[in-house]
1. Mind listing whichever residues of the stretch A:174-188 are more than 10 Å from chain B (Cβ to nearest Cβ) and surrounded by fewer than 18 Cβ atoms within 10 Å (Cβ to Cβ)?
2. Residues in the stretch A:189-229 that are free of Cβ contacts under 8 Å to residues at least 12 places away in the same chain and away from chain B (no Cβ under 12 Å): how many?
3. Considering (1) out of contact with any Gly (no Cβ under 9 Å at 6 or more places or on another chain); (2) within 14 Å of chain B (Cβ to nearest Cβ), say which one residue A:35 fails and leave the rest.
4. Exactly one of these conditions fails for residue B:162: (1) among the charged types (D, E, K, R); (2) surrounded by fewer than 14 Cβ atoms within 10 Å (Cβ to Cβ); (3) in contact with a helix residue (DSSP H, G or I) (Cβ under 7 Å, 6 or more places away or on another chain). Give me its number.
5. Residue A:243 passes all but one of (1) facing chain B (nearest Cβ under 10 Å); (2) among the polar types (S, T, N, Q); (3) touching a helix residue (DSSP H, G or I) at 6+ places or on another chain (Cβ under 7 Å); which number fails?
6. Would you mind stating whether residue A:154 is touching a residue at least 24 places away in the same chain (Cβ under 8 Å), of a type outside the set (Val, Ile, Thr), closer than 30 Å to residue A:280 by Cβ and in contact with a strand residue (DSSP E or B) (Cβ under 6 Å, 6 or more places away or on another chain)?
7. Please state which one of A:281, A:248 is more than 13 Å from every other protein chain (Cβ to nearest Cβ) and either in contact (Cβ under 8 Å) with a residue 24 or more places away in the chain or under 27 Å from residue B:125 (Cβ atoms) (or both).
8. Taking the stretch B:430-449, which residues are crowded, with 17+ Cβ neighbours inside 10 Å and within 48 Å of the chain's Cα centre (by Cα)?
Amino acid sequence: MQLLKTLLVLLLISAPLPALAYDVLVLQSLREKGYDQAVKGVKRECAASMRTVILSDYVEIDLTRILREEHPRLIVAVGDRALEVAEKQRHTPVLYMMALHAKPRPGAPVTGVGMLLEPHRYFSVFDSLGSRRVGVICDPARTGAYVKRAQSAARRSGIDLVVREVRSPKETLAMLESLRGKVDGLWMLPDITAVSAETTEAYFLFSQGERVPLVSFADIYLSMGGAVSLAIDRYDIGRQLGSMAQSVLEGTPVDDIPVQAPRRVQMKVNEGVLRRLKLPVPGGG
Amino acid sequence: MIRRPRIPHAAKNFRFRIYFIFTVTIALLTAAFACFYVITEVNGYRSTMEREGRLLATVLAQNARLPLFAENQEALGLLAAGTARYPSVLYVTISDNEGRLLAEVSNPRDPGGGTIDMHVDVTSPGLVSSPEAVLLGHAPVVEKRVIGKVHLRLDTSSAQERLKKLVAATLAIGTLFWLVVSLLSYQVLKRVTASFNQLMRGIEDIGSGNLSARVSLESDDELGRASNAINSMAASLELRELENLSLQEELIKAMRLEVQEEKKRVMARLIHTNKMTSLGLLLSSMAHEINNPNASIRFSGHIISKIWTDAVPLLDGVWRDEGEFYLGGLPFQQARGALTENAGKIVENSERIARVIQGLRDYGVGDRARLRPDLQINAAVESALSVLACQMQKDIQLKTVLGSNIPVITGNQHQVEQVLINLILNAMQAFPDGRGEVVLSTRYEARVSEVVIDIEDNGVGISAETMERLFEPFYSTKLDRGGSGLGLYISHYIVAEHGGRLQLSSRAERGTRARVILPVADGPS
């Protein structure tokens, strides 16, 4: 009996120990379906032990204490807020995903998968639609760098990218007006200054009025009048990040891994819009 | 006194009443429908205007969303001006959510009939997520954000105009409808009530007494059946009237005969009464004429008796001395007894004559009103019998059973005698073959302090019909034999006046009993 009591006490003492020992700390901004899908992809590719912390469940989280006590080898930040929290420490490498506004500090052990597709993917669609002059509105503070890369890619694709810059959502309408008659394709970027809830409608009105195809970044816009959408695959982004995490855990320095764009694209078209604009379906022969 | 308003003759006409009710009902229904129609139309028009205004405001708000967000006052001004071109729009403003007026257009027009104000919020489109939310797969935000406000003022004077036109048109159509329906209903009623009027005329003819009049209505509906029934009734009434006239004539004839018969009977009774009165007077005078010689005879008898009484001792002496001798052809001893006896008979019969005469006088002219407190019933019976002595018939036996110890009563002896004479005479006349027995008895019922006199006969009795009318005046079954019809009537009256009762009981072919019951005033003495 005495022996049984001793064994029971030892079991109770040793039980929390395996729970505290893990490799990856997953910091998730919110409990959202999109984030969950991405985290599922990470777990699919990375076999390391993980602990997931949902930041919205806490008023304030003491990450330093967690890292000191639990010693994870890697932090996977899901969402902008999680990345912001994870970037406050400098010792544990951070891999981020699903962060639209991610701007890692130079030299910091931070890398990940961005939210924007490579520009040439869009231009290949415009090319197949026959658009030579593509209008785009962006906020230089948010997507300025991406648009610069896009301009280079456009030039390579033989497309004239007509860029209009806005600093406030209110300017979007005027910029759209300035594109009238000057473009034969409109590119909608996931820029919250250029595309707000109030101005989204204006893009489709422009597309309808100018009879130019609108290529957007999410298939939800197809129902509003978009012609083609090139959407990211959140699960695949997770898997992409999972591969990165696995290689980091296996010893690859984070600094050696560049920020990657989503590798998988989901293209959808609104055939009705294309038919009215008398345009071919991209990739449809 | 409440004066009732005089109803015009036309208002009493069935056709007029039906027509009046119908037209008034149609007028009320038409008015009700017209009112309902006008109210519904006006409400509908007003709600249409409101709907139109709201639609205009909503369209404006929808169109103004982007310019409002971009604060493009020029575009907003164009939109407001475009909306203000609608005829019912008086005033348009577009303001942002901070209340700043970004566009304002007003039509310088007098609203006249009133206005409607429409306020519609300009909202950001719902279900449109930000690019970030779309990329991250966040659920779309349903909530719409208000970014401004559109205000429209609508002129409702056209509703007033429409109301006026509608009322005028409805009034005109309603009046026309009422007139047409009234005219049609008059024609229909005229046709429907024609038979009714014909029926009424026939009924009024019959009602006014012309039973030979008939309702000439040839139809197989209810009115036709009613007219047939009325014609049958009139025919039946006519027949009854003819029968009544015939019966009336017969009745008049019968009444004339009856009156003549009654007149004869009354005359007979009057004659009889007159005879009786004359008889009374005759009896009075006869009594006076008979009493004087009768008194002389009685006196003579007494003298003869006294003289003979004095002469007998002398004649006895002569007889003893000289032997037998004859008086009036009879030997003395025989004559002695005969003379004494005859002298006594003279006196006795004279007294009897005097009593009879006194009785007749008392019956005829006696004091009939005076009540005696010491009336002896047996004495009254004897007195009545003495009066009736001459009426006695040899084949009718009169038995008298007079009770003893009968107390005196208070009464009028003559009247009691009259009652007894009437009852005894009735009993003696109850024998159609003149043969029978009459028993008169008196007794005293001490238990109830009453004196009872029974007169019973074994005659033919009294029929039930006669029994019911016994005490009626002038009713008699013996009018043809000198009956006055007053005997029992007077007897009943007299007995009742004495506080007593007169009872008659009879059995057919077994006889009749008349019972006089008189009270003893102070009980037995």
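1. Of everything in the stretch A:174-188, those that are more than 10 Å from chain B (Cβ to nearest Cβ) and surrounded by fewer than 18 Cβ atoms within 10 Å (Cβ to Cβ) turn out to be A:178, A:180, A:181, A:182.
2. The number of residues fulfilling the criteria is 0.
3. (1)
4. Looking at each condition in turn, residue B:162 falls short on (2).
5. (1)
6. Considered against the rule, which asks whether it is touching a residue at least 24 places away in the same chain (Cβ under 8 Å), of a type outside the set (Val, Ile, Thr), closer than 30 Å to residue A:280 by Cβ and in contact with a strand residue (DSSP E or B) (Cβ under 6 Å, 6 or more places away or on another chain), residue A:154 comes out as yes.
7. A:248
8. Residue satisfying the conditions is B:430 alone.
The values are calculated or read from the model by the stated rules, or taken from the named source; none is laboratory data. The model shown is predicted, which means the values in this text are computed figures rather than measured ones. Please note: Cβ atoms are built from the backbone with ideal geometry, for glycine as well, and neighbour counts cover all protein chains shown.
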